[in-house]
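Participant: My structure is below; once you've seen it, I'll send some questions.
The values are calculated or read from the model by the stated rules, or taken from the named source; none is laboratory data. All of these numbers come straight from a predicted model, not from anything done at the bench. Here Cβ is always computed from backbone atoms with ideal geometry, including for glycine, and neighbour counts include all displayed protein chains. SASA here: full protein model, heavy atoms, side chains in, ligands and nucleic acids out. Shrake-Rupley method; radii C 1.70, N 1.55, O 1.52, S 1.80 Å.
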Amino acid sequence: MSVHHARTPSASGSVIHGQQFNHYPTPNHHAAPVSAPAAQQKNAIDLRQRPVPHVPPPAAHKPTDADFFVGDGARKKVNHEYLKKHFFQEGRLTERQALHILDEATNILAREENMVPVKSPVTSELISTFGIDVLELIHDIYDLMKMFDVGGSLQDSTYLFLGDYVDRGDFGIECLLYLYALKIANPTRIYLLRGNHECRHLTEYFTFKKECLHKYSENVYEACLRSFCALPVAALVDGKFFCVHGGISPQLVHLSDLANINRHQEPGSHGLLCDLLWADPISNFGQENEPTANGPGLERGTTFTHNATRGCSYFYTYDAVCQFLDRNGLLTVIRGHEAQDAGYTMYRKTPKRNFPSVITIFSAPNYLDVYHNRGAILKYANKNITIRQYNSTSHPYWLPNFMDAFTWSLPFVGLKITEMLLAILSICSQEELESDSEEEGAAAAPEDLAARRQLIKRKILAVGRMQKVFQLLREEAENTTELETEGIAGASTAVSRGGADALTVQGTRINRSIRTFDDARRSDIANERLPEFDHHRGAIFPVPSMRLTSRRSSEGMDMEDLIKRTMEEENEEGGVVERLAERIARGRSVTGKPAPLKRFDTT
């Protein structure tokens, strides 16, 4: 379910929570009176119409072959101009059409080298300047369209994407299909590299698999995975700019080493392919030998160190990059893989050429709808590099994990039902509980009374445990669109504890504690790691869109483990439900007709 948010000018009406209220002129009290039915009819809202008429509804139709294709015979290609409009209106394709794009793109990508050579900017016969735009990480089809507006059309530019087209967003499949359609139509105008998210491991852990299954099918998801294995892993622009998603590796001595990689596979947790997708420049790049607040600096001559942030691959140092550039006659390393506040970062310049040794580019503005960062593209034309920045574009809202509103609301309903059950059980006064069934209790044997009390107690405790389960589920549903951090009064609960790594976002309802890019980066740091989870575990609850460290106890239990423990645990003595169960068990028997409730202190 998607919800469009819009505003209309105050002159024509006001929009409040999606409902449009028209302003009527001040009534003329001297005019003839209007009958009540006529007035009600005049002010009635037509529930069959959209509340905000100027916002178009999502496209409900799927394109015909006449819409989907252009040209005839061998020149028949996907109509990417139609797809642009169709996806912008949240339209979907048929499964056959989606598979056609994925298969055609996979065939084209598989024929490219591991490191694709990209020609430098040239001047065409029409004296129009061509440029190369380098971009990284676009998860939103609406930001992708804006990026093309900023970078220029494919007739005027060659585009090089550095990976991460899917996951952690609601429109990954649209981005992928549209970029593949452009690749099919313009194979030498658009180049797509592989990012660390283009694999089975991450797409199953984060959101892309759920998105494919929700919008299309398992067949489409598997076709996407086949296309990921066909993506090249690096590009060489003008013989000087080494472009990659993550970075360099101890195993990458010369560029010719890239030819020996078997990229048509799932990346492992170590090795050259892993490093190209996961490696990062060290945090104090260029001053890594200087001591910091976290400890002493690295020893001189250190080139690579373990990447503890990612849980795999390496941090590479300034010396490592300079040596790599000198060995291969390169000018710089251009990479993505890390969110940047300004959309880009240029690192310390090389001593020989006085040019930035590493350039990180990040093209997803307002990443995850909370980072408040700008997106950027790097444009290379006429032997000049320019950075173009842009802000995010509003987009339709989806509930977490592509749930419908009914499913999302079930924990709230269940919690209220169990609360009502406990409330009904607790309406009896102490006098009622003590006086009811006194004669029956006196005649019964002590063993029977104990058994009856235990039976009633177990039933009431079961209701109490169910209440705790629904409480967990309700908090899970709330926190999928909310961030809770330490230091906020009343934000902490028994299950959801705030602090660093507590970012659990897939929507717009984010706690006010995220005010800056640095706040979001600290909260999201755990999601930067290579996730560890069992693909084959039968989960009752889907893997969240982001790693919910706030939901993990010191034993490392996830939401499913917490619920199982809640259902199995014995309530501690002295709890509210425990006391209620004990009190009722002492005064009630399990057989016989229920006695009528007595009323005290009533008139």
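Participant: How high is the relative contact order of the stretch 184-273, in percent, counting Cα pairs under 8 Å that sit 6 or more residues apart?
Facilitator: So the answer I get is 30 percent.
Participant: Across the stretch 326-340, in residue order, what do the Karplus-derived ³J(HN,Hα) couplings come to in whole Hz, using 6.51 cos²θ - 1.76 cosθ + 1.60 with θ = phi - 60° and x for Gly and Pro?
Facilitator: Computed from phi, the couplings for the stretch 326-340 are 5, 4, 10, x, 9, 9, 6, 10, 10, 9, x, 6, 10, 5, 10 Hz.
Participant: Please compute the net charge surrounding Asn373, taking Lys and Arg as +1 and Asp and Glu as -1 over other residues with Cβ under 10 Å from its Cβ.
Facilitator: +1
Participant: Please list the non-local residues whose amide H lies under 5 Å from the amide H of Gly297, H modeled 1.01 Å from N, same-chain partners needing a gap of 5 or more.
Facilitator: Thr292
Participant: In addition: Working with all protein chains in place, sort Cys229, Cys212 by solvent-accessible area computed with a 1.4 Å probe, largest first.
Facilitator: Cys229, Cys212
Participant: Through the Karplus equation 6.51 cos²θ - 1.76 cosθ + 1.60, θ set to phi - 60°, convert the phi angles of the stretch 141-156 into ³J(HN,Hα) values in whole Hz; use x for Gly and Pro.
Facilitator: 4, 6, 5, 5, 5, 5, 4, 5, 5, 6, x, x, 6, 5, 6, 10
Participant: Also, I was wondering about something else. Could you please state, rounded to a whole Å, how far the C-alpha centre of the stretch 53-73 is from the C-alpha centre of the stretch 178-211?
Facilitator: Distance between centres, Cα-based: 22 Å.
Participant: Above 24 Å lies some portion of the pair distances; for the stretch 258-370, what is it as a whole percent of all C-alpha pairs? Before the final figure, lay out the partial values.
Facilitator: On the way: 1997 of 6328 pairs.
Roughly 32 percent, once rounded to a whole number.
Participant: To continue, here is another question. Sorted by packing (mean other beta-carbon atoms within 10 Å per residue), highest first, where do 296-302, 358-364 land?
Facilitator: 358-364, 296-302
Participant: Any chance you could run the full-extension gain for Thr292 through Glu222? It's 0.36 nm times the residue separation minus the Cα-Cα distance, nm to one decimal.
Facilitator: 20.6 nm
Participant: Once ligands and nucleic acids are excluded and a 1.4 Å probe is used, how much of Val321 is accessible, expressed in Å² to the nearest 10?
Facilitator: 0 Å²
Participant: How large is ³J(HN,Hα), in whole Hz, for each residue of the stretch 283-296 in order, when computed from phi with the Karplus curve 6.51 cos²θ - 1.76 cosθ + 1.60 and θ = phi - 60°, using x for Gly and Pro?
Facilitator: Karplus values, whole Hz, x for Gly and Pro: 4, 9, 4, x, 10, 5, 7, 8, x, 10, 5, 8, x, x.
Participant: Positive end of the dipole of the stretch 288-428, charges at C-beta (+1 Lys, Arg; -1 Asp, Glu), about the Cα centre: which of Asn384, Thr360, Tyr318 has its Cα farthest in that direction?
Facilitator: Farthest along the dipole direction, towards plus: Asn384.
Participant: Amide H of Thr332 versus every other amide H placed in the peptide plane: which residues, excluding those fewer than 5 positions away on the same chain, fall under 5 Å?
Facilitator: Phe242
Participant: Could you give P(r) for the stretch 134-225, binned at 5 Å from zero, as whole percent values over all Cα-Cα pairs?
Facilitator: Once binned at 5 Å, the Cα pair distances of the stretch 134-225 give 3, 14, 25, 26, 16, 11, 5, 0.
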